[in-house]
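Q: Have a look at this one before I ask anything.
Bear in mind that the values in this text are calculations on the coordinates, not laboratory data. A quick note: this is a predicted structure, and the numbers were derived from the prediction, not measured. A quick note on method: Cβ atoms are made from the backbone with ideal geometry, for glycine too, and the neighbour counts reach across all protein chains shown.
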Amino acid sequence: MQTANPVLSSTTFDTFSGYANWSQTMTVGGTVGKTAVLLGCALLTAAWTWSRGVVVNPAIAMPYLIVGGIVGFILAMVTTFKMSWAPVTAPLYALAEGFVLGGLSALVESQYPGIALQAVAMTFGTLACMLMAYQSGLIRATERFKLGVVAATGAIFLVYLLNWLLSLFGFHGMNVLSGNGLIGIGVSVVIVIVAALNLILDFDLIEKGSQSGAPKYMEWYGAFALMVTLIWLYIEILRLLSKLRSRK
């Protein structure tokens with residue numbers, strides 16, 4: 001594994017090595033353009049859901065959040081196993097996740113006004129910083145770096161999974177994940193950093209994918225994979241900001 005992204009691995013582009021039709025191959029620029037389209041789709045449905053939840057009633061956002069999450073998960077699975085469908089399923093996934101992000105943001109916004117805009121600004125700011133750091137060579141995706149980020153991401157996933165399993169049986173011994181104490185905030189800061197560093201691994205694999213001669217539709221898949229990391233990053237930033245705001 002060269003990335004902790006569940007939909008993007010070191011073997012994703014292996015089957016496309018030496019792809020014959022060089023006039024229709026994946027490029028970094030094309031992937032960037034497709035990512036912008038997916039971001040636009042997500043922002044469209046997120047803004048609509050957020051406005052209804054904030055202006056009308058936060059409870060209205062909950063059905064959109066639940067349905068969007070289910071549909072988004074299904075589309076993510078379909079895209080992962082049918083990469084050639086990505087030009088269609090990736091935009092649909094972005095639209096579905098927009099409902100999730102908008103609904104979640106509306107619920108948190110009702111408690112802490114202004115937090116959604118802060119989280120969006122921090123997410124795009126982090127994306128820009130990570131991209132500049134990668135392009136300038138300030139942060140290099142070495143094997144040791146990849147191993148560390150993948151291990152940290154795997155540990156976070158296991159902690160979240162264990163916390164969820166314990167909650168099913170009524171145990172709440174891991175409230176540190178949601179607590180607003182210094183330890184809880186510190187944990188959220190670490191998770192945000194790990195999520196941001198995952199962007200470096202995604203950039204590296206997308207660049208390698210463009211060099212492997214992958215077909216054009218893989219631009220959509222690369223953009224979809226990047227969206228998965230960005231959505232995780234936004235949710236973790238929103239969680240961190242809510243902890244900080246709850247201490248005031």
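Q: Give me the angle, in degrees from 0 to 90, between the Cα long axis of helix 28-55 and the longest principal axis of the Cα atoms of the chain, rounded to the nearest 10.
A: Value to nearest ten degrees: 20.
Q: Pull out the extension gain between I60 and F171, defined as 0.36 nm times the separation in residues minus the alpha carbon to alpha carbon distance; nm, one decimal.
A: 37.0 nm
Q: For K216 paired with K82, estimate the spin-label separation in nm (one decimal), with each label point 7 Å from Cα along the Cα-to-Cβ line.
A: 2.1
Q: Ordered by packing density, taken as the mean number of other Cβ atoms within 10 Å over each peptide's residues, highest first, how do 220-228, 76-84 rank?
A: Ranking, from highest mean packing down: 220-228, 76-84.
Q: Quick check for me: using +1 on Lys/Arg Cβ and -1 on Asp/Glu Cβ, what's the dipole size of the chain about its Cα centre, in debye to the nearest 20? Write down the numbers at each step before the final one.
A: Details: 13 positive and 9 negative charges, 85 e Å.
Roughly 400 debye for the chain.
Q: I've got another one for you. Looking at the chain as a GNM with Cα springs under 10 Å, which of T25, T35, T142 has the largest mean-square fluctuation?
A: Of T25, T35, T142, the Gaussian network model singles out T142 as fluctuating most.
Q: So for the chain, considering every pair of alpha-carbon atoms, how many percent are separated by more than 29 Å? Each step should come with its number before you reach the end.
A: Values: 9405 of 30628 pairs.
It works out to 31 percent of all Cα pairs.
Q: Quick check: pseudo-label points 7 Å beyond the Cα along Cα→Cβ at W48 and A151, how many nm apart are they?
A: The answer from the label model is 4.6 nm.
Q: Related question: Tell me the angle of helix 61-81 to the major Cα principal axis of the chain, expressed in degrees between 0 and 90 and rounded to the nearest ten.
A: 20
Q: May I pose another question? Given the -39500 (n - 2.57) contribution per DSSP H run of 4+ residues, what per-residue ellipticity at 222 nm results for the chain, rounded to the nearest 500 deg cm²/dmol?
A: So the calculated ellipticity at 222 nm is -26000 deg cm²/dmol.
Q: OK, next. Just to be sure I follow the rule: in the chain, considering lysines 8 or more places apart or on different chains, how many pairs have Cα atoms under 21 Å apart?
A: 7
Q: Would you mind checking the tilt of helix 115-136 against the longest principal axis of the Cα atoms of the chain, expressed as 0 to 90 degrees and rounded to 10?
A: Long axis of 115-136 versus the principal axis of the chain: about 30 degrees.
Q: Next question. Can you compute the modelled spin-label distance between Y112 and Q135, with each label point 7 Å from Cα toward Cβ, in nm?
A: Placing both labels 7 Å along Cα→Cβ, they lie 3.1 nm apart.
Q: Here is a further query. Counting other C-beta atoms within 10 Å, which of C41, C129 has the fewest, and how do the rest follow?
A: Values: C41 20, C129 14.
The order, fewest Cβ neighbours first, is C129, C41.
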